[in-house]
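Novice: The structure follows.
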Amino acid sequence: LPICSAMIKTHGLSHVALSVLDPDRSLAFYQAVFGVREYFRSDSTVQALGPGQYDVMAFEKRPAGAGVPGGIIHFGFRLTRPEDIDAAVTAVEVAGGTVTSRGEFGPGLPYAFVRDPDGYEIEIWFE
């Protein structure tokens, strides 16, 4: 494929919109685990900022599509310190999520795959 010489510059992947059963429940989970903070609300959506400087998560009330895979396998959050993996796993469980697997990609490179209350798979890892 030819390389486009007019590649646009962005701040990276900036947001994820999820179909959820209950936007408030989703907000509470992602606040407790990742520290997101609400910045917009309507009758059908709650949007949150964080944890990264330009990150946005949108929780769209769409019960029929909540947790239904549509080609996206998972999305991830990279830890800043490998020793935080245990705290991350505990935070997920306390906030109503589940741990599906955990291990190490190599020595000192821990990961955990977890599911949020709607069943979306999230990878939490250090690399």
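Novice: How about the range 76-127: which of its residues are open to solvent by 60 Å² or more (accessible area, probe 1.4 Å), closer than 28 Å to residue 64 by Cα and charged (D, E, K, R)?
Specialist: 93, 115, listed by residue number.
Novice: To continue, here is another question. Scan the range 6-20 for residues that are modelled with pLDDT of 80 or more and open to solvent by less than 90 Å² (accessible area, probe 1.4 Å) and report the count.
Specialist: 6
Novice: Here's another thing I want to ask about it. Name the single residue, out of those in the range 69-125 being in a helix (DSSP H, G or I) and acidic (Asp, Glu), that is farthest from the chain's Cα centre (by Cα).
Specialist: 83
Novice: Let me ask something else about it. Could you say whether any residue in the range 31-52 is assigned to a strand (DSSP E or B), closer than 29 Å to residue 106 by Cβ and open to solvent by less than 80 Å² (accessible area, probe 1.4 Å)?
Specialist: no
Novice: Determine if the range 53-66 includes at least one residue that is free of Cβ contacts under 8 Å to residues at least 12 places away in the same chain and open to solvent by less than 80 Å² (accessible area, probe 1.4 Å).
Specialist: No, the range 53-66 contains no residue that is free of Cβ contacts under 8 Å to residues at least 12 places away in the same chain and open to solvent by less than 80 Å² (accessible area, probe 1.4 Å).
The values are calculated or read from the model by the stated rules, or taken from the named source; none is laboratory data. Worth saying up front: this structure is predicted, and the values here are computed from it rather than measured. Reconstructed Cβ throughout: ideal geometry from the backbone, glycine too, with neighbour counts over all protein chains shown. Only protein heavy atoms, including side chains, enter the accessible area calculation; ligands, DNA and RNA are left aside. Shrake-Rupley method; radii C 1.70, N 1.55, O 1.52, S 1.80 Å.
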